[in-house]
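The values are calculated or read from the model by the stated rules, or taken from the named source; none is laboratory data. Quantities reported herein were computed from a predicted structural model and do not represent experimental measurements. Heads up, the Cβs are rebuilt from the backbone with ideal geometry, glycines too, and the neighbour counts pull from every protein chain shown. Quick note on the areas: whole protein, heavy atoms, side chains included, nothing else; ligands and nucleic acids left out. Shrake-Rupley method; radii C 1.70, N 1.55, O 1.52, S 1.80 Å.
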Amino acid sequence: MEIYEAVGQEALMGIVSHLFFIAITFYALQAFMLDKLFKKNKVFQIQLIYILLSIAIGTAISNFFLQISSWSGQLPYLF
């Protein structure tokens, strides 16, 4: 039963981490004026770009931190 609990905790940590970093990235991207790069009156497309960039960047950052966490947990096996 212990292995199932560990897998569940890891899944929960991954979901929370991804959502957290996607939200932080979305907030950070608001500082950029991407609307200057697009044609006027293309609000939906600009919002879609913000969302897609947030997902891509946030997921990459989350994966980085999850891997660092996993690797640091495996370091005791080295010694």
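Before moving on, here are some points about what is shown:
- When residues of region 1-12 are limited to those that are open to solvent by 100 Å² or more (accessible area, probe 1.4 Å) and part of a helix (DSSP H, G or I), the one nearest to Ile55 (Cα to Cα): Leu12
- Applying a threshold of 6 Å to beta carbon distances and a minimum spacing of six or more residues, or different chains, the list of pairs starting in region 20-43 at a residue that is touching a residue at least 40 places away in the same chain (Cβ under 8 Å) and ending at one that is surrounded by 13 or more Cβ atoms within 10 Å (Cβ to Cβ) and in a helix (DSSP H, G or I) reads Phe21/Gly58; Phe21/Ile61; Phe21/Ser62; Ile22/Ser54; Ile22/Ile55; Ile22/Gly58.
- Residue check, Leu53 open to solvent by less than 80 Å² (accessible area, probe 1.4 Å) and out of contact with any strand residue (DSSP E or B) (no Cβ under 7 Å at 6 or more places or on another chain): yes
- Qualifying position, being surrounded by fewer than 10 Cβ atoms within 10 Å (Cβ to Cβ) and more than 18 Å from the chain's Cα centre (by Cα), among Phe44, Phe38: Phe44
- Residues of region 37-79 satisfying the condition of being farther than 14 Å from Ile22 by Cα and of a type in the set (Phe, Trp, Tyr): Phe38, Phe44, Trp71, Tyr77, Phe79
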